[in-house]
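What follows is a short report on a single structure.
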Amino acid sequence: MEQLSRHVGRVRKTSRQRAPTNTTPSGDTTPRRQRTTKKQQIMALYLSGITDIEDLARMTNARASYVATVLQNAGLLHGYFDLYTSTAHPMNVYAKLFAGKLGFKNQATARRSVAILDRFYRKFERARDRAGQHHALSMALMMFDRARWTNRLREADLFRQWLVAHLTLEPPLSRADVVPSTGRVPAGDKEAL
């Protein structure tokens, strides 16, 4: 009897999943109420005046990143950034330099991304642009986290190695250390730093 009950439950679930949205499982064409999605809930609550990301996330049982992404895509939210929000919405003047250029789908893509990060980091270093260097480091950390939390451990390790190499306590270059015509540190002077 218990097995029959489980089987009937499975059949009901299957038939519900296969039924068109405008009919009931029994074939009745009476319109039935559609399920409200989290996205719809977020939008409705936001438009009703509840604009705090944390409150919206709690009320809809969603992550703050998801709430922010929904609102950003709808053009209702600007200036919110975290690990998972799209880089298509620039957080500062440096963000556009990296938008659409970094990835970790395989090791080759991760290596190209690390090369881009390194190129910009060194460019910012020569220009003594600490905010630019900070942004490159932040992007590397974000790519490391995104890769490791999606189980792309080899790709994550490439970003980790780059970060470790750049998170040293060496003093920054001074203007006197840089050869003006090339923007590089003379080979013999590297140990002096």
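A compact table of results
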item: Residues located in region 93-145, provided they are β-branched (Val, Ile, Thr) and closer than 21 Å to ARG160 by Cβ; result: THR109, VAL114, ILE116
item: Residue in region 79-93 that is modelled with pLDDT of 85 or more, outside the structural domain of ALA140 (by TED's automatic domain parsing), within 23 Å of ARG146 (Cα to Cα) and surrounded by 12 or more Cβ atoms within 10 Å (Cβ to Cβ) present; result: no
item: Members of region 29-53 found to be modelled with pLDDT of 90 or more and within 25 Å of MET142 (Cβ to Cβ), listed by number; result: LYS38, LYS39, ILE42, ASP52
item: Subset of region 98-128 that is under 17 Å from the mean Cα position of the chain (by Cα) and of a type in the set (A, V, I, L, M) - its residue that is farthest from PHE159 (Cα to Cα); result: ALA99
item: Those residues of region 128-147 which are buried (at least 20 other Cβ atoms within 10 Å of the Cβ) and aliphatic (A, V, I, L, M), in sequence order; result: ALA136, MET139, ALA140, MET143, ALA147
item: Residues (within 27 Å of GLY100 (Cα to Cα), free of Cβ contacts under 8 Å to residues at least 24 places away in the same chain and of a type in the set (Val, Ile, Thr)) located in region 43-86; result: THR69, THR85
item: Of residues in region 100-127 being closer than 25 Å to ALA68 by Cβ and loosely packed, with under 13 Cβ neighbours inside 10 Å, the one modelled with the lowest pLDDT; result: GLY100
item: Subset of region 67-77 (residues that are surrounded by fewer than 18 Cβ atoms within 10 Å (Cβ to Cβ) and outside any loop (DSSP other than H, G, I, E, B)); result: ASN73
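The values are calculated or read from the model by the stated rules, or taken from the named source; none is laboratory data. Note that the structure is a prediction, hence the values are computed from the model and not measured. Ideal geometry is used to build each Cβ from the backbone, glycine not excepted, and the neighbour counts take in all protein chains shown.
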